[in-house]
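We did not get these values from a lab; they are worked out from the coordinates using the rules stated. Nothing here was measured: the structure is a model prediction, and the numbers come from that model. Glycine also receives a Cβ, built like all others from the backbone with ideal geometry; neighbour counts cover every protein chain displayed.
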Amino acid sequence: QVSPGLRTPRLPVWLCGVPGRHGVLFGTDSRLLSHWRAERVFHLYFYSGQQEQTQTAHLTIDTHSRHWEEAPSEDACSPGKRCPALEMAIRTKWAGATVSWNGTDPFS
């Protein structure tokens with residue numbers, strides 16, 4: 001029998017398989033599971049356990065940013081540049097969201 005905690009997790013957890021990297025994307029705010037208002041600005045963490053990742057990546061997700069109104073900057077997903085696969089995976093759930101890597105080098 002499957003535990004109720006596995007059928008309905010208390011915290012948001014996703015197993016991710018992005019090219020060349022498998023890992024866990026998770027949040028520490030249980031409101032992300034039940035309150036759509038919590039999806040405005042929130043934090044997610046990614047850990048792959050691979051040798052080159054020495055610490056968990058802390059990501060800030062903003063689903064209502066108006067990045068098209070901001071001054072042009074050197075964005076990792078700007079035209080002509082390759083967007084990190086993990087960001088693309090995040091945008092399958094939150095389309096148009098901006099992802100801040102908070103000082104961590106984005107994974108390709």
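For segment 4-66, state which trypsin sites (Lys or Arg not before Pro) are in a DSSP loop and have at most 12 other beta carbons lying within 10 Å of their beta carbon.
Values: sites: 7, 10, 21, 31, 37, 40, 66; in loops: 10, 40, 66.
In loop regions of segment 4-66 (DSSP not H, G, I, E or B), the sparsely surrounded trypsin sites (Lys or Arg not before Pro) are 10, 40, 66.
State the extension gain, in nm to one decimal, for the chain segment bounded by residue 30 and residue 3, taking 0.36 nm per residue of separation less the distance between their alpha-carbons. Working shown, then result.
Values: separation 27, 0.36 × 27 = 9.72 nm, distance 1.81 nm.
Extending this stretch completely gives an extra 7.9 nm.
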Note, ³J(HN,Hα) from phi for segment 40-52, Karplus 6.51, -1.76, 1.60, rounded to Hz, x at Gly and Pro: 6, 9, 8, 10, 10, 10, 10, 9, 10, x, 6, 4, 6
